[in-house]
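K.L.:
Quick one: the structure is below, and I'll ask about it shortly.
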Amino acid sequence: MRYMLLIYGCDRPEPGDPRFEDALARVNAFADECMRRGVLVAAEPLKPVTTATTVRVRDGKTMITDGPFAETHEQLGGAYVLDCRGLDEALELAERCPLAEEGSIEVRPIVEIPGLHLPDDARRAAVPEG
Amino acid sequence: MTDGSPAPTVERVYRTHRARLLAALVRAVGDFELAEDALQEACAVALRRWPRTEVPDDPAAWLLTVARNHAYDRLRRARMARAKHEEVWADEQRADAVTTMTDYGEERLVSLGDDRLSLIFTCCHPALSQEARVALTLQAVVGLTAGQIARAFLVGEPTLAQRLVRAKRKIREAGITFEVPADHLLPERLSGVLAVVYLVFTHGYTAASEAAERRVLSEEAIRLGRLIAALMPDEPETLGLVALMLLHDSRGAARYTKGGDVVLLEDQDRSRWDGTEIAEGIGLLDRALRHGAPGPYQLQAAIAAVHAQATEAEQTDWTRIAALYGELLELTPSPVVALNRAVAVAMAEAPQAGLDLIDRIDDLDRYHLLHAARADLLRRLGRTDEAAAAYRRAHELAANPADRRFLAGRLRDLDKPR
C-alpha cells in the first residue's frame, strides 16, 4: 500500500549554509534506509510557499494569484511516497525521518482509483509484486 | 443437540464466542464492517435453519463457516462489479486468497486459532483517537452495543455510531493491519491497550453509585484485562493492571453510603471489602512482580495492596506507600502522582511535610483533589480558615455530584467544635 508522507513546518537550509551538509546527510540516511527496504517510490522537496502561484478557473475565467491557496500554520515543504506493507511500516518510517523531529509529518494513504491514468512508473509501483 | 427453541441457543453461542468469531472473520476478510455484517447474517440464518435441522455439533464453527462464506460472496460480487472496469486494482490479492479458502470441510472452533489479541491491538491502534479506541474496543471486543456505550459516556447514540463507523473505515482505508504488533513495537502498543482498559475501568469506577450504565464498565474492563492476561501470560504490566482493577473493585461495596455519598478510604467498613478479589489481586501482583520488571500498573497495584492488607485504617503502612509513590513518580513523573505521594508522606511523617510537598506541585490548580488534600492537611494543622478556603475551591472544581456533597459536608464539619 502506498503512502504519502507530507512534511510540514520544516526549515530547509540552503547549500552554503553551515547546517546544510548535516541536514543533507540526515535526510540521505533516511532515504537510503527506505531504498534498502525497497519502499521509496518518490521524494519531492518543494521550494518555499513564497514561490507558489495559485490557479483557479471559475465560469471559464482563469484567476492566477500569488501565493498558496490557503494560509496554513505550517507550510508544506515536500513529500515522500513510500510503498509499505501497511500503516505500521509507514508510521515507523515517518518516525525515523529526521524531519519529524523538526516539523510534523502527515501520513496519508494513496487511493487507488480503477481506471485512473497515471504515469507508467507510478502504475508499476502501485501493483504489488509477485 | 440442544433441545428447545433455537433462539436461546443462537443467542448463547453468539454471546460466548462473539469476539472470537468476529476476530476470525476480520482476519479472513480484512474488513470490520463486512465481518460484522456477515456474522449478523449467519445468526439470522441460524435462527431460520436450526428449528428445522439439528443444531450443529459445533455451533460456533458453523456460524463462522456460514458468515465467512457470506462475506466471501459479497467480496466476489464486489470484485465482479469492479471487473467491468478495465483496471482492477485493490482487493485483487485478497479476493484471490479468498477463492482458495472457501472449500474446506467441517471445522472446529478449537482449530481456528484465536485472533482476539489481533482484534484488541487493532481496536487500540494509536492511529485512532483515544475516544475511538475506547468505543471500538467496547463494541468489537467486549460486545457492548453502540447504545450502551453512548449512554455510559454520555454522548448521543448517533455521535457514537458515527465514531465507530469512522474508526472502522480508517482501519480499512489507512491500511491498519490486523495483527499483533512486531516485537519492537509491542511494549508501546501494549501500554496503549492497557491504557484503554484502565480508562474503561476508571470511567465505570468513578461513576456515581446510581449510574448503573457506567458502573458495568468496570466489570467489563476487568474481564477484558483477564482476557489479555490469558492471551499474553508473560506481560507483568497486564497482570499488574488486572491486580490493580481487582483491588480497587474489592472496595466497591464500601465506597458509597446507601444514599450515594462518598466514604473515604479511612472511614470505609473494611469487612465489606471483597476478600476474594483482594486475594486474587494480591496473587496476580505477586506473579507480576516475580518478572522483576516493575511498571506503573504494578506499582499502583502494590499501593492498593498495602491498603487492602490493613485490617484497620490505622494499621496502614504509609511509609511503604510513600516509598511506592516515590518509585512511581520516578517512572511516570506527573503532578497527580506527586500529589498522592505528598498525601502519603503527610500520613507517614507529619501533615506539614505533606503540605510542603503539595505547595511545590505545579499545573494542578484546577484539580479538585489537590485542594481537598490541602484542605485536609490544613484542618489537621488547625489552620481552619485556610482549610475552609481550600475546601471551597475544591467544591467549586469538583464535577461528580457525590464528590461535591462530600466536600460540602467537610466544609460544614469545619465549623463544628471537635
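K.L.:
Sequence neighbours fewer than 8 away in the same chain don't count; with that in mind, list the lysines whose C-alpha is under 25 Å from B:LYS416.
P.N.:
Filter leaves B:LYS258.
K.L.:
Run down the lysines and flag those whose C-alpha is under 26 Å from the C-alpha of A:LYS47, throwing out any fewer than 8 positions away in its chain.
P.N.:
none
K.L.:
For A:LYS47 and A:HIS73 in the same chain, what is the full-extension length gain: residue separation times 0.36 nm, less their Cα-Cα distance, in nm? Mind showing how you got there, number by number?
P.N.:
Values: separation 26, 0.36 × 26 = 9.36 nm, distance 1.68 nm.
Between A:LYS47 and A:HIS73, full extension yields 7.7 nm more.
K.L.:
Which one of B:PRO181, B:LEU357, B:PHE32 is farthest out on the positive end of the charge dipole of the protein assembly as shown, using unit charges on Cβ (Lys, Arg +1; Asp, Glu -1) and the Cα centre as origin?
P.N.:
Sorting the options by dipole projection puts first B:PHE32.
K.L.:
HN-Hα J couplings of the range B:357-373 from phi, Karplus 6.51/-1.76/1.60, θ = phi - 60°, integer Hz, Gly and Pro as x?
P.N.:
With the stated coefficients, the range B:357-373 comes to 5, 4, 5, 9, 7, 9, 6, 10, 5, 9, 9, 4, 5, 5, 6, 5, 5 Hz.
K.L.:
Mind checking the angle between helix B:212-231 and chain B's longest principal axis? C-alpha axes, 0 to 90 degrees, to the nearest 10.
P.N.:
70 degrees
K.L.:
Let me ask something else about it. Please list, ordered by chain and number, the residues whose modelled amide H lies under 5 Å from the amide H of B:VAL263; skip anything fewer than 5 residues away on the same chain.
P.N.:
Placed amide hydrogens put B:TYR256, B:THR257 under 5 Å from B:VAL263.
K.L.:
Something else about it: How far is helix B:384-397 tilted, in degrees, relative to the longest principal axis of the Cα atoms in chain B, given as a value from 0 to 90 rounded to the nearest 10?
P.N.:
Compared with the principal axis, the helix lies near 20 degrees.
K.L.:
For a quick check: with amide H placed at 1.01 Å from N, whose amide H comes under 5 Å from B:GLU179's, ignoring anything fewer than 5 positions away on the same chain?
P.N.:
Placed amide hydrogens put B:THR122 under 5 Å from B:GLU179.
K.L.:
Only Lys, Arg, Asp and Glu count, each charged at its Cβ (+1, +1, -1, -1), so figure out the dipole size of chain B about its Cα centre, rounded to 20 debye.
P.N.:
1040 debye
K.L.:
Pull up the cross-link candidates among the aspartates and glutamates for B:LYS170, meaning alpha carbon to alpha carbon under 17 Å and not fewer than 8 places away within one chain.
P.N.:
Leaving aside aspartates and glutamates fewer than 8 places away in the same chain, those within reach of B:LYS170 are A:ASP88, A:GLU89, A:GLU106, A:GLU112, B:ASP31, B:GLU33, B:GLU36, B:ASP91, B:GLU131, B:GLU179.
K.L.:
Stretched out fully, how many nm does the piece from B:ARG272 to B:ASN400 gain, at 0.36 nm a residue minus the Cα gap? Before the final figure, lay out each step's value.
P.N.:
On the way: separation 128, 0.36 × 128 = 46.08 nm, distance 2.35 nm.
My answer for the length gained is 43.7 nm.
K.L.:
Within 10 Å of each Cβ in A:84-92, how many Cβ atoms from other chains are there, averaged over the peptide?
P.N.:
Details: counts 1, 2, 6, 10, 11, 3, 3, 6, 3.
Partner Cβ neighbours, averaged per residue: 5.
K.L.:
Now for a separate question. Along the charge dipole of the protein assembly as shown, Cβ charges K/R +1 and D/E -1, which of A:ALA43, B:ALA81, B:PRO126 sits furthest on the positive end?
P.N.:
Of the options given, the answer is B:ALA81.
K.L.:
Spelling out what I want: for every residue of the range B:32-38, take phi, set θ = phi - 60°, compute 6.51 cos²θ - 1.76 cosθ + 1.60 (Karplus), and round to whole Hz; glycine and proline get x.
P.N.:
Going residue by residue, I get 4, 5, 4, 4, 5, 4, 5 Hz, with x marking Gly and Pro.
K.L.:
Going by average Cβ density within 10 Å per residue, which order do the peptides A:70-80, B:237-247, B:256-266 take, highest to lowest? Intermediate values should be presented prior to the final figure.
P.N.:
Values: A:70-80: 14.6, B:237-247: 28.8, B:256-266: 12.9.
Highest mean packing first, the order is B:237-247, A:70-80, B:256-266.
K.L.:
With charges set only on the Cβ (+1 for Lys and Arg, -1 for Asp and Glu), what does the dipole of the protein assembly as shown come to about its Cα centre, in debye to the nearest 20? Intermediate results must be reported in sequence, preceding the final value.
P.N.:
Working: 69 positive and 85 negative charges, 348 e Å.
Once rounded to the nearest 20, the dipole reads 1680 debye.
K.L.:
Report the charge-dipole magnitude of chain A in Debye, nearest 20, computed about the Cα centre from +1 at each Lys and Arg Cβ and -1 at each Asp and Glu Cβ. Provide the component values of the computation, followed by the final result.
P.N.:
Values: 15 positive and 24 negative charges, 106 e Å.
That gives chain A a dipole magnitude of about 500 debye.
K.L.:
Place the peptides B:117-123, A:102-108 in order of packing, highest mean first, counting for every residue the other Cβ atoms within 10 Å and averaging per peptide. Can you show the working numbers first?
P.N.:
Working: B:117-123: 23.6, A:102-108: 16.0.
Going by the mean number of other Cβ atoms within 10 Å, highest first, we get B:117-123, A:102-108.
K.L.:
Sorted by packing (mean other beta-carbon atoms within 10 Å per residue), highest first, where do B:404-411, A:9-16 land? The partial results should precede the final answer.
P.N.:
On the way: B:404-411: 17.8, A:9-16: 12.4.
Per-residue Cβ counts within 10 Å, averaged per peptide and sorted highest first, yield B:404-411, A:9-16.
FYI, it's all coordinate maths here, none of it is from the lab. These numbers come from a predicted model, not from an experiment. In this analysis, Cβ positions are derived from the backbone assuming ideal geometry, glycine residues included, and neighbour counts consider all displayed protein chains.
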